[in-house]
Amino acid sequence: MSLRVYNTMSAQVEEFQTLHDKEVRMYACGPTVYDYGHIGNFRTFIAVDMLQRFLRQSGYRVHYVMNITDVDDRIIRNAARDGVSVQQYTAKYEKAFLEDAAMIGIEQPHLVRATENISEMADFVAKLQAKGVAYRTDDGSYYFRIAKFPAYGKLSKKDFSGMIDGARVDVDEYDKDSARDFALWKAPKPGEASWQTSIGPGRPGWHLECSVMSMKELGDSFDLHAGGEDLIFPHHENEIAQSESLTGKTFARFWFHVRFLLVEGEKMSKRLGNFYTLRDLVLKGHKPSSVRYLLTSVPYRNQLNFTFDGLKQAAVSVERLRNFRQRLSEQSFSPGCNPEMQTLARETITHMREALEDDLNTAQAEAAILKMVRQANSALDAGSVKKEDIAPLLAALEKFDEIFAVLADDDRPKMKAVFDWAMSEGREKDISPELREIVQSGQSSDADIEEKIAEMEAARRARNFKLSDSLRAELIAAGIMIENTKDGVRWRRK
RNA sequence: GGCGCGGUACCCAAGUGGUAAGGGAGAGGUCUGCAAAACCUUUAUGCGUCGGUUCGAUUCCGACCCGCGCCUCCA
């Protein structure tokens with residue numbers, strides 16, 4: 001079997017095929033760095049990250065390019081508001097984006113920046129103009145003439161046939177031939193950032209950026225282009241029009257779009273007060289791994305309802321997986337092997353692969369690993385897991401984590417970094433008691449904790465339960481979780 | 001108005017023309033000095049409503065109701 005993935009262009013699930021054998025060239029529209037990233041942004045980027053991870057796990061060499069849009073209207077406006085240069089402004093938020101992406105387990109793609117490719121963009125516009133599909137207006141802006149690209153609308157399934165006959169539409173604000181024609185290049189306005197280029201001064205339009213950078217990095221035709229569902233129209237439609245007008249070739253073969261999420265059942269918006277950046281959630285004391293798990297738990301084409309209850313559930317599931325792995329790694333086992341465990345591990349890997357090959361059905365992949373955990377835990381309780389079973393079970397967990405990336409117990413340092421950031425930004429008041437507790441649990445050293453546990457155990461063996469309970473309560477208050485097992489006390493930081 | 005998606009137990013959420021994955025929460029139990037962790041049992045004759053096709057539909061078709069998305073900046 002092999003990967004089947006939904007292609008927005010054909011509007012159906014297709015067998016994934018690449019232009020070059022075992023090599024994937026893919027591009028995702030990245031963030032416009034004008035603010036901190038919100039969980040909706042990260043749902044999209046995590047979905048593409050998982051796709052990319054799964055392709056690599058499936059044996060492809062992956063060339064994954066993401067752009068950073070570091071010039072646009074909002075950036076110019078906000079930079080002016082803050083009295084800083086566009087570069088200073090975007091540098092801050094690009095850094096924040098990369099930190100956040102790393103925090104939530106996104107592997108960094110090859111990044112390209114709009115402002116580093118301005119001259120290529122100008123050249124691209126010049127070529128479009130030479131082909132007669134772009135025109136310059138009196139103010140020095142350039143527009144794409146949609147009437148010259150009959151396939152316009154093929155991605156978003158929109159019918160523009162009624163409006164492509166060059167009928168002049170009167171639009172006060174613009175000096176373009178048709179209301180639907182879109183800007184390739186914007187002439188400078190006083191006080192705005194602009195570049196001197198072969199086609200005159202100005203700055204690139206957003207759609208142009210992605211066409212130019214994706215083709216520069218990946219070629220005229222490449223395998224897959226990804227983004228949020230909102231980008232289907234007009235952004236991706238416009239990219240296709242620009243690129244295919246120029247080359248006459250198919251621009252991207254597969255179009256991968258991630259559905260928007262809901263927050264507590266409603267569209268996320270600042271107005272509704274349900275708008276959360278990743279950092280907001282960490283400040284509330286939620287772990288990055290919980291957020292990632294929740295965002296991966298619903299297949300990318302389904303609407304995901306992001307709730308705080310769901311976030312707690314996600315945390316429990318992650319804990320369950322981590323506890324299981326710890327149990328396998330720490331316990332001692334008798335020699336030999338249990339064929340049932342061998343089969344279980346093997347079948348779990350197969351089920352996960354089949355689920356992901358089915359248009360990235362992450363919910364089913366998670367169900368498969370959790371089922372394995374339950375059955376293996378049951379066998380562990382019964383003492384029927386043998387030494388040689390450990391490696392296959394851990395290998396299945398590893399396969400899972402190559403895609404889902406939630407098992408590494410590294411939430412605390414990441415949360416500490418957000419804590420420090422909040423302090424340095426003067427947002428101490430936004431730090432929740434929960435976050436404080438987690439950060440504090442990182443303060444005490446392993447040796448201190450183990451000393452205290454030894455004390456607690458001594459009291460317990462002496463049947464001084466009052467003392468041992470109070471010592472345990474102290475540890476729990478400091479964010480340390482205690483478990484008594486057959487092999488002694490196991491502890492971990494919250 | 002145009003195009004599209006969805007309505008599955010208390011909650012989140014997969015899935016299938018042949019009789020409902022997984023997780024959380026709840027209840028009972030095993031283990032434990034007590035916890036924690038883990039495990040076991042239990043919780044939808046039912047999958048928005050009404051019709052139709054079929055030996056059989058939650059799954060296909062039609063109508064309707066409700067929610068959501070895109071059509072303008074938006075991941």
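Under a 5 Å amide H cut-off, with hydrogens placed 1.01 Å from N, A:A134 pairs with A:Q129, A:R145 among residues at least 5 apart or on other chains.
Please find the FRET efficiency linking A:I476 to A:S378, where r is the Cβ-Cβ separation and R0 is fixed at 22 Å, and quote it to the nearest 0.05. Computed FRET efficiency for A:I476 and A:S378: 0.20.
Using the alpha carbons alone, the radius of gyration of region A:266-404 stands to its Kirkwood radius in an Rg to Rh ratio of 1.06. Its Cα gyration tensor gives chain A an equivalent ellipsoid. The semi-axes, each the square root of 5 times an eigenvalue, are 50, 28, 17 Å from largest down.
Remark: spin-label model distance A:E437-A:D420 equals 2.4 nm, labels positioned 7 Å along the Cα→Cβ axis. Which log10 I(q)/I(0) values, to two decimals, does region A:444-493 give at q = 0.14, 0.18, 0.20 Å⁻¹ under the Debye formula with one point per Cα? So the normalised log intensities are -0.29, -0.49, -0.61. Taking all protein chains in place and a 1.4 Å probe, what share, in percent, of the accessible surface of chain A do carbon and sulfur account for? Looking at chain A in its full context, I get 48 percent from C and S.
Residue-normalised convex hull volume from the C-alpha trace of region A:4-258: 125 Å³ per residue. Of A:M423, A:M121, the order by accessible heavy-atom surface (1.4 Å probe, DNA, RNA and ligands excluded), from most exposed downward, is A:M423, A:M121. Using a Förster distance of 22 Å, how high is the FRET efficiency between A:R81 and A:K267, based on the Cβ-Cβ distance and rounded to 0.05? Efficiency at R0 = 22 Å is approximately 0.25. Ordered by 1.4 Å accessible area with all protein chains kept, A:R490, A:R279 run largest first as A:R490, A:R279. Computed extension length for A:D487-A:L394: 31.5 nm, one decimal, from 0.36 nm per residue of separation with the Cα-Cα distance subtracted. For region A:12-101, the spread of Cα coordinates along the three principal axes comes to 50, 26, 24 Å, biggest extent given first.
Rounded to the nearest 20, the size of the Cβ-charge dipole of chain A about its Cα centre is 720 debye, with Lys and Arg at +1 and Asp and Glu at -1. Residues whose amide H lies under 5 Å from that of A:L407, counting only those 5 or more places away or on a different chain, are absent; hydrogens are built 1.01 Å from N in the peptide plane. Available extension along the chain between A:K189 and A:T307 is 38.2 nm, counting 0.36 nm per residue and deducting the alpha carbon span. The phi torsions of region A:283-290, fed into the Karplus equation with coefficients 6.51, -1.76 and 1.60 and a -60° offset, translate into couplings of 4, 6, x, 7, 7, x, 5, 5 Hz, rounded to whole numbers, with Gly and Pro shown as x. Listed cross-link partners A:K95/A:K414; A:K176/A:K249; A:K148/A:K189; A:K148/A:K186; A:K387/A:K486 are compared with a 23 Å cut-off, the Cα-Cα value being larger for A:K176/A:K249; A:K148/A:K189. Under 25 Å of direct C-alpha separation, and excluding same-chain neighbours fewer than eight residues apart, A:K267 reaches these lysines: A:K157, A:K158, A:K284, A:K287, A:K312.
Note that region A:295-310 has calculated 3J(HN,Hα) couplings of 5, 8, 7, 10, x, 4, 8, 9, 5, 10, 9, 7, 10, 6, 5, x Hz, one per residue in order, obtained from phi through the Karplus relation 6.51 cos²θ - 1.76 cosθ + 1.60 (θ = phi - 60°); glycine and proline are x. Can you work out the base-10 log of I(q)/I(0) for region A:23-71 at q = 0.15, 0.16, 0.19 1/Å, using the Debye formula on its C-alpha atoms alone? Taken in order of the listed q values, log10 I(q)/I(0) reads -0.45, -0.50, -0.66.
Along region A:453-459 the Karplus relation, 6.51 cos²θ - 1.76 cosθ + 1.60 evaluated at θ = phi - 60°, assigns HN-Hα couplings of 5, 4, 4, 4, 5, 4, 5 Hz to successive residues, with x for each Gly and Pro.
Determine, for each peptide in A:81-91, A:231-241, the mean count of other beta carbons within 10 angstrom over its residues, then list the peptides with the highest first.
So the peptides A:81-91, A:231-241, ranked by packing, come out A:231-241, A:81-91.
Of the GluC sites (Glu not before Pro) found in region A:244-314, those in coil by DSSP whose Cβ has at most 16 other Cβ atoms within 10 Å are A:E264. Go ahead and run the numbers for FRET between A:F233 and A:R136, Cβ-Cβ distance against an R0 of 22 Å, rounding to 0.05. Efficiency for this residue pair is about 0.30. For A:A179, the residues 5 or more places off, or on other chains, whose built amide H falls under 5 Å of its own are A:V169. In percent, rounded to a whole number, the relative contact order of chain A is 15, using alpha-carbon pairs under 8 Å and six or more apart. Considering only Cα atoms, the convex hull volume of region A:180-256 works out to 115 Å³ per residue.
The values are calculated or read from the model by the stated rules, or taken from the named source; none is laboratory data. What you see is a predicted model; the values in this text were computed from it and never measured. Neighbour counts run over all protein chains shown; Cβ positions are idealised from the backbone, glycine included. These accessible areas exclude ligands, DNA and RNA; they are computed on the full protein's heavy atoms, side chains included. Shrake-Rupley method; radii C 1.70, N 1.55, O 1.52, S 1.80 Å.
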